[in-house]
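Below is one structure, written out as structure tokens; the observations come after it.
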Amino acid sequence: MEKTNIMAEFIITGDHFETKLITEQIGIEPSGTYIKGEKIDDRDLYRKETCWFLETDYQESFDINQQLNHILILLEPHIEKLKTLRTKHNLNFLFSFSIRIMDNETPAITIEQKAIGIAYDLNAEFDLDLYIL
């Protein structure tokens, strides 16, 4: 039987920026990127912004901080570079969680102070998506 699982992402978005620049500046390969104006799959929809993102896989978990900490460990040494990139390229930062709840087993959704401090430094937002399965 499948258990509740969580995926965490750090997402950088902006109108137009070179996604390779982010990778080069912070030395982290993204999980994915897309460019404003790109067609979305086979639909008649197009990307409204450029995006660089880093994500964990879905993992069985009852605490979003487990997945968030995987991302924070990678990002922490690069906070100052990210702040500079944000200002220079008018970027937006977001920590996003996708939570798939199985058998009404809800995880802890408390964000630790360390993560709040980093998000504050980066001027980042938090987003939580819950899927009850």
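Filtering segment 34-64 to residues that are touching a helix residue (DSSP H, G or I) at 6+ places or on another chain (Cβ under 7 Å) and not aliphatic (A, V, I, L, M) leaves THR50, TRP52, THR56, GLN59, SER61. Tell me, which residue of segment 114-133 that is surrounded by 13 or more Cβ atoms within 10 Å (Cβ to Cβ) and among the small types (Gly, Ala, Ser) is nearest to ILE6 (Cα to Cα)? Filtering first and then ranking leaves ALA115. Scanning segment 88-108 for residues that are surrounded by 12 or more Cβ atoms within 10 Å (Cβ to Cβ) and either within 16 Å of the chain's Cα centre (by Cα) or without any contact (Cβ under 8 Å) to a residue 12 or more places away in the chain (or both) gives LEU91, ASN92, PHE93, LEU94, PHE95, SER96, PHE97, SER98, ILE99. Exactly one residue among THR19, THR84 is under 16 Å from the mean Cα position of the chain (by Cα), of a type in the set (Val, Ile, Thr) and modelled with pLDDT of 95 or more, and that residue is THR19.
ARG100 meets the conditions (1) basic (Lys, Arg); (2) under 18 Å from THR23 (Cα atoms); (3) in contact with a Phe, Trp or Tyr (Cβ under 7 Å, 6 or more places away or on another chain) in every case but one. The failed one is (2). Determine whether segment 61-79 contains at least one residue that is over 25 Å from ILE109 (Cβ atoms), assigned to a strand (DSSP E or B) and either aromatic (Phe, Trp, Tyr) or touching a strand residue (DSSP E or B) at 6+ places or on another chain (Cβ under 8 Å) (or both). Among the residues of segment 61-79, not one is over 25 Å from ILE109 (Cβ atoms), assigned to a strand (DSSP E or B) and either aromatic (Phe, Trp, Tyr) or touching a strand residue (DSSP E or B) at 6+ places or on another chain (Cβ under 8 Å) (or both), which makes the answer no. When every residue of segment 10-29 is checked against the conditions, at least one turns out to be within 18 Å of LEU122 (Cβ to Cβ), out of contact with any helix residue (DSSP H, G or I) (no Cβ under 7 Å at 6 or more places or on another chain) and assigned to a strand (DSSP E or B).
Looking for something in contact with a Leu (Cβ under 8 Å, 6 or more places away or on another chain), surrounded by 14 or more Cβ atoms within 10 Å (Cβ to Cβ), modelled with pLDDT of 95 or more and among the aromatic types (Phe, Trp, Tyr) - is there at least one such residue anywhere in segment 53-60? No: segment 53-60 contains no residue that is in contact with a Leu (Cβ under 8 Å, 6 or more places away or on another chain), surrounded by 14 or more Cβ atoms within 10 Å (Cβ to Cβ), modelled with pLDDT of 95 or more and among the aromatic types (Phe, Trp, Tyr). Among the conditions (1) in a helix (DSSP H, G or I); (2) touching a residue at least 12 places away in the same chain (Cβ under 8 Å); (3) over 30 Å from ASP103 (Cβ atoms), THR33 misses just one, which is (1).
The values are calculated or read from the model by the stated rules, or taken from the named source; none is laboratory data. Keep in mind that this is a model prediction, so the values were computed, not measured. Note that we place each Cβ from the backbone using ideal geometry, even for glycine, and neighbour counts take in every protein chain shown.
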